[in-house]
Amino acid sequence: MKVLPALLAALCVAFAGMSAQTAEAQNVKITPLGSHDGEFCARDRALIFEDPDGTRILYDAGYTVRGVDDPRLGKIDVVLLSHVHGDHIGPAHQPAANAGTCKSPQFSVKDTPNSNTINIATGKKAKLMVGAELNSFFAHKMKVAGGDPKQVITNRFGSMQKVGGVKFTTVPAVHTNGLHPDFLDKELGGMLTVNGLTAYVGPPNGYVVIFSNGLVAYLSGDTGITAEQDLVVRKYYKANLAMINIGDVFTTGPTEAAYVINEMVKPAEVILSHANEVATKGGKVVPGSRTDIFMKALKVPAHVPLSGKTMEFNGSGKCVAGC
């Protein structure tokens, strides 16, 4: 008679384990790829997103992804680029983990005239998604680097692209988008350099990414305050998770970014980006930093993107592990 209760107990345990595995399988995993393990440093931009269906996305590789052979990358299906400034496209990259300091990381491996972004997309045979006038430029770069120009996907404002079970659209960003002459051939690049100019390649953008579990993430790119954060990102796409830049001078500062989150996008939670500072020491937020000011001004939970630490989010935009 004792066998039946024991069997029922075992089945309950097994069912609970299966339910936990199923719940975990429905989460989107987000892993920051910064310059120093366990910290949020001055040049950190890059994030890896992994959808429950296995689709893996690299966002703004910049300097801190250590080239195509960075072991943190794994399989990459899509590379997203918000704009062509060096800290996002990557004219060079870090030679090894923790090279340099958190304030001044070492980026000694040159990637121009290609870019870290192109080299990764080519080496991983990944789709490269861009907006503005970047499609023809990057198709050329892809071919030169030994890739297939068809890997480049154009995604301009109001359109929707899909890779695996993940949908992507671009949204406006209020910023600049000048391409440094180092990414061009010597003749054209030289002419621009002597005149103090960059090559204009159309407007910058952010992204809204809709994952298969229902999570809708707003990736701000580099931007100031713009009405589209309310009208498009919140009202139309209903983003429930946001990655927002807080670095000031070149983008929204911490108080402006907090206004965007609290009053315009209104996501369930937020991940910090583009702080342009030593935001943490020993994995803890530095008191009085822009990161500290931003987090204290928020009305929703905020998460610091510590390099190498994976966070998991459910379809409602709530962090359920790693935060």
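The values are calculated or read from the model by the stated rules, or taken from the named source; none is laboratory data. This is a predicted model, so every value here is computed, not measured. Neighbour counts run over all protein chains shown; Cβ positions are idealised from the backbone, glycine included. SASA here: full protein model, heavy atoms, side chains in, ligands and nucleic acids out. Shrake-Rupley method; radii C 1.70, N 1.55, O 1.52, S 1.80 Å.
For residue 79, the residues whose amide H sits under 5 Å from its own are 58, 127, 128, 129, ignoring neighbours fewer than 5 places away on the same chain, with H placed 1.01 Å from N. Applying the Karplus relation 6.51 cos²θ - 1.76 cosθ + 1.60 with θ = phi - 60° to segment 148-156 yields 3J(HN,Hα) values of 9, x, 5, 5, 7, 10, 7, 9, 8 Hz, where x marks Gly and Pro.
Where in the chain are the DSSP H helices whose alpha-carbon span along the long axis reaches 18 Å or more and whose Kyte-Doolittle mean is at least 0.5? Going by DSSP H runs, the hits are 3-25. For segment 247-257, putting each phi into the Karplus relation 6.51 cos²θ - 1.76 cosθ + 1.60 with θ = phi - 60° gives couplings of x, 6, 6, 8, 8, 4, x, x, 6, 5, 5 Hz, in residue order, rounded to whole numbers and with x for Gly and Pro. Structure remark: mean-square fluctuation, Gaussian network model of the chain, C-alpha springs under 10 Å; the largest value among 187, 263, 312 belongs to 187.
Let me know the shape class of segment 49-139, please: from the alpha-carbon gyration tensor, a ≥ b ≥ c as square roots of the eigenvalues, rounded when a/c is under 1.5, otherwise prolate if a/b is greater than b/c, or oblate. It is oblate, given that a/c is not under 1.5 and a/b is not larger than b/c. Highest-first packing order for the peptide set 56-66, 313-323 is 56-66, 313-323, based on the mean count of other beta carbon atoms within 10 Å. Here semi-axes √(5λ) of the Cα gyration tensor in Å was computed from the coordinates, and among (i) 56, 25, 20; (ii) 34, 22, 20; (iii) 37, 26, 21 the match is (ii).
Of all DSSP beta bridges confined to segment 42-113, the antiparallel ones make up roughly 70%. What segment 202-288 shows is 34 Å² of accessible area per residue, with the surface traced by a 1.4 Å probe over protein heavy atoms. Once you list every other residue whose beta carbon is under 10 Å from the beta carbon of residue 318, what net charge do they have if Lys and Arg are +1 and Asp and Glu are -1? Once positives and negatives cancel, what remains is -2. Estimated from helices alone, the mean residue ellipticity of the chain at 222 nm is -6500 deg cm²/dmol (sum of -39500 (n - 2.57) over DSSP H runs with n ≥ 4, per residue).
Cross-link pairs exceeding 32 Å in C-alpha to C-alpha distance, out of 29/299; 103/143; 167/299; 75/281, comprise 103/143.
Probe of 1.4 angstrom, ligands and nucleic acids ignored: what's the accessible area per residue over segment 36-170, in square angstrom?
37 Å²
Across segment 75-89, rounded Karplus estimates of 3J(HN,Hα) from the backbone phi angles (6.51 cos²θ - 1.76 cosθ + 1.60, θ = phi - 60°) give 5, 10, 9, 9, 10, 9, 10, 7, 6, 9, 5, x, 6, 10, 7 Hz, Gly and Pro being marked x.
Share of carbon and sulfur in the accessible area of the chain stands at 58%, probe radius 1.4 Å. Taking amide H as placed 1.01 Å from N in the peptide plane, the amide H of residue 47 sits under 5 Å from that of 33, 59, each at least 5 places away or on another chain. Separation of segment 89-155 from segment 178-240 is 15 Å, based on Cα centroids.
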